[in-house]
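Report on the following structure.
The values are calculated or read from the model by the stated rules, or taken from the named source; none is laboratory data. Only a predicted model underlies this, so the values are computations on that prediction, with no experimental measurement involved. Cβ: placed from backbone, ideal geometry, glycine included. Neighbour counts: every protein chain shown.
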């Protein structure tokens, strides 16, 4: 009876605090970390297996890019680069911009973006750029040419927006090539080997092209365990309307005919501009966020869910999508930027909202059916102001304990932007059933290289493994107490064990 009473008290306190999501004052300075100087913009962030944080972006009018590393408490990791930072480019005074980043299983870092091939020429003459750095921030000269790879994807303006590195070291990137004369763009997906060479067995000489109507922009990539690829973005039709676009490629880099129409799914829900900025695969569905707007309809955040064949999942919200701007009485416009899933399955979307010329950060929490989680923030939404003028959201990281890190930029003027990292607490708590099961489930060995054993006195029904960012890795419907994890890349993962008596969420380390 005493144990039950303690469990109930803990559950009650946790639920109460979840209604008051707030800054985690143990992070940085009162929950906030400022980074670098004026005039820079943070584009990508990664949560490392040890809990440290990497960020990357561009500064000084796009002539240089940076990578910075932070400790778990938000302080700079001075063992990385110079006092926690590296600021560099491949050639002095050459314009280079970084948009995406990923980390290999050995800790090496690859950033992607674009590089101006001849700054003396007017117009746009950029090549796709990849650069690799060692775990300490030094340039990895074994990659490409002195650590850099530059690829001509098309005729004029090429750039890469996202990257994913597999456990075997294969490098997948996505971006686009734009023709200056027409303004039309084609999406490009490429595969490189561990040395930075194009894998000519992938698609056509290592590059796949997606071309539709007046242009295609794909900005996110997700490589599945079976080697297939999902990509998201938008396409512009002949009437200059923008529709959301999902693409699926098979292991050879060719279009997967089982998805959408010939591997592509265009979705038009009736607005002039519709585009996806981020997506995750969760419970065999594709969750996406982005923005929609129309001729007399200001930009609003959209949340969408698709089936694995590309069709909208009409069981989610209304007809498969949900549109809103948080706190509509004070904000008229919003832009959805990132989407993730908390350890308890709560769907979390982030971005920034605009009202009275102010840009503020927002988080919105949804249940699996697309309704708001009413005990998150205020009726499922939480807004936060950093500066008196403009706060921009760029990335969203979910720690295993449910704490939320939002990265982006802030400015008191329209020009002088500074990077920022903010951590929030009390966004996620274990459910009552999860507390009751904590003492009844043992996972060993942890860390482990090949096999994870689960010891429990309850009957296991399902096991679900996610990355720290919420991406579904594997779902096992089985009563077995042994899970093979040899296929996973080294790192920390979230595991959810669903039994006949409830659910337990924990984490393990793959060596």
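Matching residues to (1) more than 18 Å from residue 174 (Cα to Cα); (2) assigned by the TED database to the domain that holds residue 199; (3) surrounded by 18 or more Cβ atoms within 10 Å (Cβ to Cβ):
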| position | (1), (2), (3) |
| --- | --- |
| 274 | yes, yes, yes |
| 277 | no, yes, yes |
| 291 | yes, yes, yes |
| 304 | yes, yes, yes |
| 308 | yes, yes, no |
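Would it be correct to say that residue 163 is crowded, with 16+ Cβ neighbours inside 10 Å, assigned by the TED database to the domain that holds residue 240, in contact (Cβ under 8 Å) with a residue 60 or more places away in the chain and under 24 Å from residue 103 (Cβ atoms)? Against the criterion (crowded, with 16+ Cβ neighbours inside 10 Å, assigned by the TED database to the domain that holds residue 240, in contact (Cβ under 8 Å) with a residue 60 or more places away in the chain and under 24 Å from residue 103 (Cβ atoms)), residue 163 qualifies. If you go through region 411-426 and keep only what is at pLDDT below 90 and within 12 Å of residue 42 (Cβ to Cβ), you end up with 417, 418, 419. For region 463-472, does any single residue satisfy the condition of being modelled with pLDDT under 75 and more than 30 Å from residue 31 (Cα to Cα)? Scanning region 463-472, I find no residue that is modelled with pLDDT under 75 and more than 30 Å from residue 31 (Cα to Cα), so the answer is no. Those residues that are crowded, with 21+ Cβ neighbours inside 10 Å and farther than 23 Å from residue 231 by Cβ, I need them from region 293-302; list them, please. Answer for region 293-302, where residues must be crowded, with 21+ Cβ neighbours inside 10 Å and farther than 23 Å from residue 231 by Cβ: just 300.
Go through region 87-119 residue by residue and tally those that are under 27 Å from residue 403 (Cα atoms) and touching a strand residue (DSSP E or B) at 6+ places or on another chain (Cβ under 9 Å).
Filtering region 87-119 down to residues under 27 Å from residue 403 (Cα atoms) leaves 98-111.
Applying the additional criterion that residues be touching a strand residue (DSSP E or B) at 6+ places or on another chain (Cβ under 9 Å) yields 98-105, 108-111.
Qualifying residue count, region 87-119: 12.
Tally up the residues in region 305-318 that are free of Cβ contacts under 8 Å to residues at least 40 places away in the same chain and more than 21 Å from the chain's Cα centre (by Cα), please. The number of residues fulfilling the criteria is 2.
If the condition is being closer than 21 Å to residue 284 by Cα and surrounded by fewer than 20 Cβ atoms within 10 Å (Cβ to Cβ), then region 344-369 contributes 344, 345, 367, 368, 369. Scanning region 383-396 for residues that are buried (at least 20 other Cβ atoms within 10 Å of the Cβ) and closer than 14 Å to residue 419 by Cβ turns up 386, 390, 391, 392, 393, 394, 395. Could you check region 477-488 and list, in sequence order, the residues that are buried (at least 18 other Cβ atoms within 10 Å of the Cβ) and assigned to a loop (DSSP other than H, G, I, E, B)? Scanning region 477-488 gives 485, 488.
When every residue of region 172-186 is checked against the conditions, none turns out to be in a loop (DSSP other than H, G, I, E, B) and modelled with pLDDT of 90 or more.
In region 344-382, which residue that is without any contact (Cβ under 8 Å) to a residue 12 or more places away in the chain and outside any strand (DSSP E or B) is nearest to residue 420 (Cα to Cα)? That would be 379. If you go through region 449-458 one residue at a time, do you hit one that is under 30 Å from residue 393 (Cα atoms), at pLDDT 80 or above and not assigned by the TED database to the domain that holds residue 26? Among the residues of region 449-458, not one is under 30 Å from residue 393 (Cα atoms), at pLDDT 80 or above and not assigned by the TED database to the domain that holds residue 26, which makes the answer no. Look at region 463-491: where a residue is assigned by the TED database to the domain that holds residue 168 and under 19 Å from residue 450 (Cβ atoms), no partner that is at pLDDT below 80 and surrounded by 14 or more Cβ atoms within 10 Å (Cβ to Cβ) sits 6+ places away or on another chain with Cβ atoms under 6 Å.
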